[in-house]
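Asker: Here you go, one structure.
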Amino acid sequence: MQIERAALIPGTEQSLGEGNSQPFRAQVRLSTGGIATVICKRLEQHKIAAECFAALVLRAWGIATPAPCIVLAGNEVLYGSQDAAYPNLKQRLGWSDHLPDQYKEKLIVAAATLLASWPQTGAVIAADEAIHNVDRHIGQVLWDGGEPVWVDHDQSLGVADGNLPDLNKLAWLLGSLGLHSQIQTSAVSHALMLPGNELLEAAESAAEAGAYQFAEFVANRLPALASRVVARFPQPNDLFAGLQ
C-alpha cells in the first residue's frame with residue numbers, strides 16, 4: 001500500500017460542478033515524474049486522512065475504489081483520487097434536483113434495482129459499516145455500464161459532519177424498497193470475513209496525511225460487524241427520508 005504524492009499543474013483545473021468539497025478534475029505531476037489526471041477535493045486535514053485510509057483499506061478488501069493521492073497546489077494540500085473517467089450513477093440516470101418528486105422516485109428505484117443486481121454491493125455495505133461511512137448516496141457510485149467504482153469516504157471513520165443521520169445508506173435504500181434479501185445475506189457474509197490485517201499497513205501509509213486512530217476505530221467495529229450490518233436493513237419506509 002502506498003499513497004502517491006503529486007503537484008497540481010496550474011491551468012488544468014476543470015470544475016465538476018457538484019459537491020460541498022468543490023471537486024475538480026486536473027492534471028498532476030507525480031512524484032515519480034509521470035503525468036496523471038485526478039479528481040481533487042478541498043477537505044479539512046482529518047478528512048483527507050480519512051479518505052486516504054478508507055481508500056487503501058477498501059482496495060485491500062477487493063472493492064473497486066480509485067487509488068488515493070495527496071496533491072500539493074501551492075501552499076494548499078488537496079485530496080486526489082485517480083480519475084475513473086465516467087459519470088456517477090445520478091448523472092448516468094439523468095438526475096436533476098429540479099425534477100418533480102415522482103420522477104426522482106422512479107430514478108431512485110432504478111438506481112436501487114441496479115445496486116441490487118451488482119455482485120459487489122453486499123461487500124460494499126459491509127465495508128461501509130466497518131468504516132462507519134454514513135454518506136454512500138448514489139452520487140458516490142461511478143458507473144459506465146460495467147463494473148461500478150465506489151468513491152468519496154470523507155464522511156466516515158468518525159469524522160462525518162454532525163448533521164448527517166447515522167445510516168448505512170445502501171442498506172437503508174435497498175431495505176426500504178424490499179430489494180434486500182439476497183444483498184443482506186451477501187453483506188452479512190462479507191462482514192464475517194473482512195480481515196483486519198490490512199488496517200495497520202493502511203494506517204502507516206495514510207499517516208502521511210495525518211496520524212489518526214483509524215485502524216483502531218475499524219478494528220473495534222469488526223468483531224460485531226455482522227450484527228451491525230443486520231441492524232442496518234430497515235422495514236419499508238418513506239423513500240426519501242435520509243437520502244437527500
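The values are calculated or read from the model by the stated rules, or taken from the named source; none is laboratory data. Since the structure is predicted, the reported quantities are computational estimates derived from the model, not experimental observations. When we count neighbours, we look across all protein chains shown, and the Cβ atoms used for this are built from the backbone with ideal geometry, even at glycine.
Asker: Select from region 156-189 the residues that are surrounded by fewer than 23 Cβ atoms within 10 Å (Cβ to Cβ), assigned to a helix (DSSP H, G or I) and not β-branched (Val, Ile, Thr) and list them in ascending order.
Answerer: Across region 156-189, the qualifying residues are LYS169, TRP172, GLY175, SER176, SER181, GLN182, GLN184, SER186, SER189.
Asker: If you don't mind, another one. Is there a residue being among the charged types (D, E, K, R) and more than 18 Å from ARG221 (Cβ to Cβ) anywhere in region 121-143? Explain how you work it out, then say what you get.
Answerer: From region 121-143, those among the charged types (D, E, K, R) are 128-129, 135-136; that's our starting set.
Right, trim to more than 18 Å from ARG221 (Cβ to Cβ) and you get none.
Checking region 121-143: not a single residue is among the charged types (D, E, K, R) and more than 18 Å from ARG221 (Cβ to Cβ).
Asker: Can you tell which of ALA226, ALA207, ALA202 is of a type in the set (A, V, I, L, M), assigned to a helix (DSSP H, G or I), closer than 23 Å to PHE53 by Cβ and modelled with pLDDT of 90 or more?
Answerer: On the way: ALA207 fails: modelled with pLDDT of 90 or more; ALA202 fails: modelled with pLDDT of 90 or more.
Going through ALA226, ALA207, ALA202 in turn, the sole match is ALA226.
Asker: With respect to the numbered conditions (1) within 19 Å of ASP135 (Cβ to Cβ); (2) modelled with pLDDT under 95, which one is the sole condition not fulfilled by ASN75?
Answerer: It is condition (1) that ASN75 fails.
Asker: Quick one: how many residues across region 135-155 are more than 9 Å from the chain's Cα centre (by Cα) and in a loop (DSSP other than H, G, I, E, B)?
Answerer: Count: 6.
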